[in-house]
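Read the structure below first, then the notes.
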Amino acid sequence: MNYFVTGGTGFIGRYLIGKLLARGGTVYALVREESKGRLEDLIAGWGTAGFEVVPVIGDISEPMMGLDEDRIEELTGKIDHFFHLAAIYDMKADAATIEKGNVDGTRNAVQLANQLGVGCFHLASSIAAAGLYRGTWRENMFEQATDLDQHAYFRTKHESEKIVREDLDRPFRVYRPGVVVGDSETGEMDKIDGPYYFFSAIKRFGSVLPDWLPTVGIEGRRINVVPVDFVAAAMDHIAHLEGRDGQTFHLTDPDPLTAGQIINLFAREAHAPQMSVRLDSRLLDLVPSSLTGGLAGLGLLAPARLAARLALDELGIPSEVLVYVNYPTDFDCSNTLDALAGTDISVPPLAAYADRLWEYWEQNLDPGLPRDRTLTGAVRGRNVMITGASSGIGRATALKVGEAGGRVLLVARSTDKLAELKEEIERTGGLASIHPCDLSDVEDVERMAGEVLEEHGHVDILVNNAGRSIRRSVGLSYDRFHDYERTMQLNYFGSLKLILALLPKMRERKSGHIINVSSIGVQTNVPRFSAYIASKAALDAFGRSVASEVIDDGVHITAIYMPLVRTPMIAPTRMYDAFPTSSPDDAAEMITGAMIDRPKKVATALGNFGELLYALSPKTSDRVLNMGYKLFPESKAASAKTGTEAGTGTGTEAEVEQQIEATSAEAVAFAHLLRGVHW
């Protein structure tokens, strides 16, 4: 048996040709000259022992699909089945491109099929041919389509069917697939389309919110999603049945899920919060048009529309695909079910293969994937300045950057420790230079920054890691204003001075990345750290404000809300010995990961939850934190001046130390529950 296939190198085409080859015979695959190599690669993958794939050079946009007279004469009377799959399946494409591919392409395919005298013409149409029909669209319906002008894709898929029905003088069959997703077995997909547009947003929510957090969303109407392997298998089977000419087949799910159910399925795979409450989007239909129309007429909705468009752009969601969230059409597929009766061809439930679709997208299609997702790719040959590099988080980060090929500019007060670290980096083949500086002295910062720029020319990545923490309740700080001054001097003014010194060169070079190591305390507002949190929050606020000024200059600013890390900075607080903490190496992974992805923020799920709780119910947040305030005693250092335990009003220094050593089991359990928060 002989087949002619357009769009054979496309997604559905590759699967269908594999099915046709399994039947034997010859497949003539239309391909443009520049895509011939791609077809040859596919042929090697199909394996063609006992049958044949013959490339036919042509173009669907040309009359007779670009075939010359000799090729037309060769194929006339020889083609049993002509499959026209080539089309534009992209809601984002412009109207002219869609028109050329879907309407002109089908007209030229029909012209060629008539000339060749094919046995049967098979059109891969789409459920979009129904437009936005309200109600159940049956397989024998065509003229009843409505709202086709809502999008060029709807209109052109309808018009392409019309061309087949009116201009073709050969037998035909029409197939209307639903929203086609990847292979149900492997997850393979060729591009981002349909529900895939929402994957980046789902992944983002999963990265900033814990998966157990209940959320509210839209239920939406039913969306007909089908895997590509089902579509190809159904077309292959139905095409070879007797007595089905002139019929239309909906290759759809007889029991589709709603938009909300689909989003929840993929949210589960992404370990993102699922919508526990989903509102029926049809409630919007109850809003009087006089209200919405009047507001729109006054232009009062323009800012909201602009904000929505910007939000969608940020999430990578084309506004065109939102029509499917509240899609008004249900698709009857009785004819298809009848044609497939007695076979094992059916639409698998999306829940059975959602994990494969997500995994394939995450590994191959995620737009956030850089070409080189390695630290080496991010830092090799670049100047990376790390403050506070002599110990703890800074030291661990410097070792990783040096090993990955970055030129590490080591900054701290201790020349001896920096020299030791430089030698260690160089022993592993890395490059490092030391730049001693007292970052609490803005004049010394200015000196050091000038020397760095003179020696190295510029800094590609700045990690503001150096910091000072003070754990002392406000009740013990009334006469210690200097605590706030010195904390602000290092954590805010020192970092700020360094940024201001290095930023002009970054903007001039249209490239730069500033990483500010903040604290989970900024998100959770924990007690006893008012001086520390205020200083870190000041730097965060500066970064958020400046980011919008420098984004066009290719400069990225990242805030890392670091959880409790076991470093020399927390050593004076003895009760932390019983707390779950991250290691400096864990913290360095957060920083180096930010160098690769350059996100706006890096935070733990607990930190994000604390931030959300405070935004939604600040008093609830205060009460939870007050429990921790009462459970955990003051440190010896904080209480030493007065010899009293905060909150009790009495107690010797020895008694305070005893309380610290005997931190209650309840307090330890509380610390484990809120892992990473410093109390």
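The values are calculated or read from the model by the stated rules, or taken from the named source; none is laboratory data. A quick note: this is a predicted structure, and the numbers were derived from the prediction, not measured. Glycine gets a Cβ as well: all are built from the backbone with ideal geometry, and neighbour counts include every protein chain shown.
Worth a mention:
- Filtered residues of region 448-475 (kept if buried (at least 20 other Cβ atoms within 10 Å of the Cβ), outside any loop (DSSP other than H, G, I, E, B) and not small (G, A, S)): M448, V452, I461, L462, V463, N464
- Meets criteria (aromatic (F, W, Y) and either part of a strand (DSSP E or B) or over 30 Å from I560 (Cβ atoms) (or both)) for F205: no
- Out of A341, A352, A398, sole residue that is surrounded by 14 or more Cβ atoms within 10 Å (Cβ to Cβ) and at pLDDT 90 or above: A398
- 3 or more residues over 23 Å from F172 (Cβ atoms): qualifying strands (runs of 3 or more DSSP E) within region 25-107: 52-57
- Sole residue being touching a helix residue (DSSP H, G or I) at 6+ places or on another chain (Cβ under 6 Å) and over 25 Å from R380 (Cα atoms), chosen from V408, V445: V445
- Of all residues assigned to region 30-50, at least one qualifies as being buried (at least 22 other Cβ atoms within 10 Å of the Cβ), in contact with a Phe, Trp or Tyr (Cβ under 9 Å, 6 or more places away or on another chain) and closer than 24 Å to D104 by Cβ.
- Considering region 556-582, and only residues there that are in contact with a Lys or Arg (Cβ under 6 Å, 6 or more places away or on another chain) and modelled with pLDDT of 80 or more, the residue that is surrounded by the most Cβ atoms within 10 Å (Cβ to Cβ) turns out to be A559.
- Qualifying residue in region 213-225 (condition: farther than 30 Å from L613 by Cα and of a type in the set (D, E)): no
- All conditions in (1) in contact with a Leu (Cβ under 6 Å, 6 or more places away or on another chain); (2) of a type in the set (S, T, Y); (3) crowded, with 20+ Cβ neighbours inside 10 Å hold for T76, with the sole exception of (3).
- Matching residues, region 453-472, being under 10 Å from A501 (Cβ atoms) and out of contact with any strand residue (DSSP E or B) (no Cβ under 6 Å at 6 or more places or on another chain): L453
- Residue pairs meeting the criteria (Cβ under 8 Å; at least 6 apart or on separate chains; first closer than 23 Å to Y629 by Cα and touching a residue at least 60 places away in the same chain (Cβ under 8 Å), in region 469-493; second aliphatic (A, V, I, L, M) and assigned to a loop (DSSP other than H, G, I, E, B)): S473/A646; G475/A646; L476/A646
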